[in-house]
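Working notes, structure below.
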Amino acid sequence: KTFSIMSAADYARHTNEGVVSINLSGQSLSDRELTDYIARKMDEFGIEPACVCFEITETVAFRDSEQALQCMHAIKALGCSLALDDFGTGLSSFSYLKDLPVDYLKIDGSFVRKILEDNVSHAMVASINQIGHVMGLKTVAEFVENDALAQRLVEMDIDYLQGYAIAKPVPLEDYMDELDDDVSASAGKAS
């Protein structure tokens, strides 16, 4: 459905159009035909793989690590990117991280939302960000709920922020319409 919406909006035809993230469940990740299905649908709807990022939670990635790893490598081979969601909640997160072909680390919101008042949470977020950057990964802070929190995360050099302080969630169709309106408005100003 996501690819259909993107295609109808004439979005994701070129690599520089941005990225849409799609969550994958543990059940989806264990489906050995998933990547063939994704490839067929990208072809059917004319979707540029670089415009798609699949999000996998840390617990799903580590639960059936061999199957998950195979699937993750296959998704990367299609040209899509991968995000490891809710990072930091697993006990052995860092030891497994170097073996996963991910592009983004989404820092779990349970740490992010407490960094202004809890030194341990602040240190956890800083550590995840630093390790991610050393590994060449982009970091995303989840649950950014106010401007003070957003400012601190920017100061910490987190790459991307996600949460109500940035934007409230909207249906993909509405977001595509908004993008289309923004492009139309920009084109009108240029003439």
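The values are calculated or read from the model by the stated rules, or taken from the named source; none is laboratory data. From a predicted model like this one, the values you see are computed outputs, not experimental measurements. All Cβ positions, glycine included, derive from the backbone under ideal geometry; neighbour counts span all protein chains shown. Ligands, DNA and RNA are excluded from the accessible area calculation, which covers all protein heavy atoms including side chains. Shrake-Rupley method; radii C 1.70, N 1.55, O 1.52, S 1.80 Å.
Peptide packing for 100-107, 173-180 was compared via the average number of neighbouring C-beta atoms within 10 Å per residue; ordered from the highest value, the list is 100-107, 173-180.
Extension gain, I5-E66: 0.36 nm per intervening residue step, less the Cα-Cα distance, totals 18.7 nm. Can you give me the % of accessible surface on segment 1-131 that is carbon or sulfur? Probe 1.4 Å, all protein chains present, nothing else counted. Carbon and sulfur: 48 percent of the exposed surface of segment 1-131. Lys-Lys pairs in the chain that are eight or more residues apart or on separate chains and whose Cα atoms lie under 23 Å of each other come to 15.
Taking 0.36 nm per residue of separation and subtracting the Cα-Cα distance, full extension of the segment from H14 to N119 would add 33.5 nm.
Once Rg and Dmax of the Cα atoms in Å is calculated for the structure shown, the corresponding label among [x] 19.4, 68; [y] 17.7, 56; [z] 15.9, 52 turns out to be [y]. Its Cα centre serving as origin, segment 1-82 has a Cβ charge dipole (Lys and Arg +1, Asp and Glu -1) of approximately 40 debye. Per-residue ellipticity at 222 nm from helix content only, as computed over the chain with -39500 (n - 2.57) for each DSSP H run of at least four residues, stands at -14500 deg cm²/dmol.
Just the number please: accessible area per residue for the chain, 1.4 Å probe, all protein chains included, in Å².
Values: 10760 Å² over 191 residues.
For the chain, the solvent-accessible area averages 56 Å² per residue.
Annotation for I166 and M135: the two label points, set 7 Å from Cα along the Cα-Cβ direction, are 1.9 nm apart.
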